[in-house]
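In what follows, a structure is listed as structure tokens, so that the remarks can point back to it.
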Amino acid sequence: MNKSNHSAIHMEGRRLKGLFAFLLFCTIAVTPARAQLQVALRTGLNMSDTKLRNLPQTTVGDLFSLNGQDGYFIGPVLHIPLPVTSLGIEVGALYDVRRTEINTKDISLKSIVIPANARLDIKLLSFLGAYLSAGPELSFNIGHTGFTWTDSQQIRNTFRVQSSSFGFNAGAGLRFSNMECGAVYHIPVGRTADLISLSETMNQIYEVRSATTNTWQIVLTWYF
């Protein structure tokens with residue numbers, strides 16, 4: 001990858017993360033003192049789709065097969081309903097595991113994900129409601145920073161994970177009393193990892209500059 005392009009992407013990522021932190025701080029700071037805070041435990045399943053983009057025009061690109069992209073997440077969520085309106089703010093800290101297999105190499109991505117969502121609650125019946133949520137999220141890698149393996153073609157591959165990433169999520173679901181179930185879709189901004197391949201026989205490097213992971217989640221939430 002061109003060094004100037006890499007620096008530009010890195011700087012843009014830092015700006016987005018700084019903006020996210022600023023918005024999160026402002027959200028908490030302006031929350032009315034009378035707002036009724038609701039604490040919950042959220043868990044569920046990940047169904048990820050990792051795509052390798054910008055593959056060079058070589059046969060090496062045909063050697064990669066991705067399988068078994070699943071995982072789970074769990075962590076606390078703070079829901080802040082705004083007075084009078086049906087709107088609210090939702091902030092969480094989720095331990096997130098996303099697994100995949102590239103060829104025969106198992107890769108497990110572990111991170112702390114911090115979503116900060118705007119939320120709309122809709123009352124349907126006395127015991128039943130619906131909700132819509134959307135907002136930015138920041139993810140910090142707490143697992144391995146890289147995975148390396150050599151395949152049958154004597155090509156050494158390194159899947160190098162980003163230390164942090166930024167993205168957006170949108171979700172919807174139903175609420176029954178103190179329990180919710182729903183679905184959330186996560187869209188990353190920028191790449192999740194780099195995949196670099198070195199041919200040990202040809203002494204030639206092939207680089208996949210963009211490995212991105214979009215994720216569907218099945219979500220269960222219990223309010224205390």
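Please work out the FRET efficiency for the pair residue 86 and residue 148, using the Cβ-Cβ distance as r and a Förster radius of 41 Å; give the result to the nearest 0.05.
Given R0 = 41 Å and the Cβ-Cβ separation, E is 0.25.
With R₀ fixed at 25 Å, the C-beta to C-beta distance from residue 130 to residue 74 puts the FRET efficiency at about 0.60.
What's the extension gain from residue 51 to residue 140 if we count 0.36 nm per residue and subtract their Cα-Cα distance? Don't jump to the answer; show the numbers that get you there.
Working: separation 89, 0.36 × 89 = 32.04 nm, distance 2.00 nm.
The span from residue 51 to residue 140 would gain 30.0 nm if fully extended.
The calculated pair-distance distribution of region 90-200 uses every alpha carbon pair, bins of 10 angstrom beginning at 0, and gives 13, 34, 25, 17, 8, 3, 0 percent. Here the peptides 143-151, 120-128, 182-190, 165-173 are ranked by packing, the mean other Cβ count within 10 Å, and the order with the highest first is 165-173, 182-190, 143-151, 120-128.
Evaluate E = 1/(1 + (r/R0)^6) for residue 67 and residue 172, where r is the Cβ-Cβ distance and R0 equals 35 Å; express this FRET efficiency to the nearest 0.05. Please report the intermediate quantities before stating the final value.
Working: r = 29 Å, r/R0 = 0.83.
About 0.75, to the nearest 0.05.
Ranked by the mean number of other Cβ atoms within 10 Å per residue, highest first, peptides 210-222, 39-51 order as 210-222, 39-51.
Read the figures in this text as sums done on the coordinates, not as results from a lab. The structure presented is a predicted model; accordingly, all values stated were derived computationally and were not measured. When we count neighbours, we look across all protein chains shown, and the Cβ atoms used for this are built from the backbone with ideal geometry, even at glycine.
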